[in-house]
Amino acid sequence: MELAISRQAVAEWRDRQILFAAALMNQKAMDAHAAFDREIETATAAETIFNPAAIANARMDALLSTLLGESLPDFLDLAADELTSVDQRLSEVADALRRPDTLVLPQTTSLPPHLAAAEQPTDVPDDIDQTQKGKRRLLSVPAMLARRASSLADGAGSAADELLQEKLGLKNRLRAAAAQRVADIWMGGAGDPKSPLAQLVSLIDETTYAARMTLS
């Protein structure tokens, strides 16, 4: 009877920790979005006009890595303590939760906005086929437009800059890209590598299995 009660308590511990893990990730995502919104309030058009996904990915990864990195050890410590309280025989299994390298967090490197558009050569050797020349010249257009638009944005006053961003919805594009990054990479249930939330759920499941084996 005592063994059955302990095994049931482990099952309840699993369900509870999965809910706590989802709540933790959701809260840190909200905190990261709030910090990101504060950052982009002062961003200029030259900084936001090109490749919003690259900018949003880098900043959200950095913010969430910091926020989650600060909270995760406490979360795992509490989970381990609770599991040990179920049955002292589970102390070794619980201690495995306290590893500092439990999760692999996503990281991206930020690219300067003026380098976000792919730079392509405009000088093409004479011996290259004319069709290929045309393709290369077309590919160079986004880079030229990027440099020109960034230059114009740099020279505009703050009011004109803000109006430009509002007209083009630049900051909303950044917010949408940030939300997509969190949904797909930090909280998604599929994909390889696994999202931090999926890694946490897997860790809880693996610990639950080990606990059941210990109590068998």
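The values are calculated or read from the model by the stated rules, or taken from the named source; none is laboratory data. Here the structure is a predicted model, which is why all the values come from computation and not from measurement. Glycine gets a Cβ as well: all are built from the backbone with ideal geometry, and neighbour counts include every protein chain shown. Note: areas computed on protein heavy atoms with side chains; ligands, DNA, RNA excluded. Shrake-Rupley method; radii C 1.70, N 1.55, O 1.52, S 1.80 Å.
If you go through segment 1-17 and pick out every residue that is over 35 Å from the mean Cα position of the chain (by Cα), within 14 Å of S216 (Cβ to Cβ) and hydrophobic (A, V, I, L, M, F, W, C), you end up with 2.
Applying the set (1) buried (at least 18 other Cβ atoms within 10 Å of the Cβ); (2) of a type outside the set (A, V, I, L, M, F, W, C); (3) modelled with pLDDT of 90 or more to N51 leaves exactly one unmet item: (3). Scanning segment 161-178 for residues that are modelled with pLDDT of 65 or more and among the basic types (K, R), we see that the one that is nearest to A56 (Cα to Cα) is R175.
For (1) open to solvent by 80 Å² or more (accessible area, probe 1.4 Å); (2) modelled with pLDDT under 95; (3) not in a helix (DSSP H, G or I), each residue gets a yes or a no:
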{"residue": "A43", "(1), (2), (3)": "no, yes, yes"}
{"residue": "I55", "(1), (2), (3)": "no, yes, no"}
{"residue": "P100", "(1), (2), (3)": "yes, yes, yes"}
{"residue": "P121", "(1), (2), (3)": "no, yes, yes"}
{"residue": "P125", "(1), (2), (3)": "no, yes, yes"}
{"residue": "K133", "(1), (2), (3)": "no, yes, no"}
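Scanning segment 195-216 for residues that are under 24 Å from L105 (Cβ atoms) and either touching a Gly at 6+ places or on another chain (Cβ under 8 Å) or in contact (Cβ under 8 Å) with a residue 12 or more places away in the chain (or both) yields a total of 13. For the structure I just gave you, tell me whether R16 is farther than 23 Å from A183 by Cβ, at pLDDT 95 or above and open to solvent by 30 Å² or more (accessible area, probe 1.4 Å). It is true that R16 is farther than 23 Å from A183 by Cβ, at pLDDT 95 or above and open to solvent by 30 Å² or more (accessible area, probe 1.4 Å).
Among the candidates M25, M30, the residue that is assigned to a helix (DSSP H, G or I), open to solvent by less than 30 Å² (accessible area, probe 1.4 Å) and on the phi < 0 side of the Ramachandran plot is uniquely M25.
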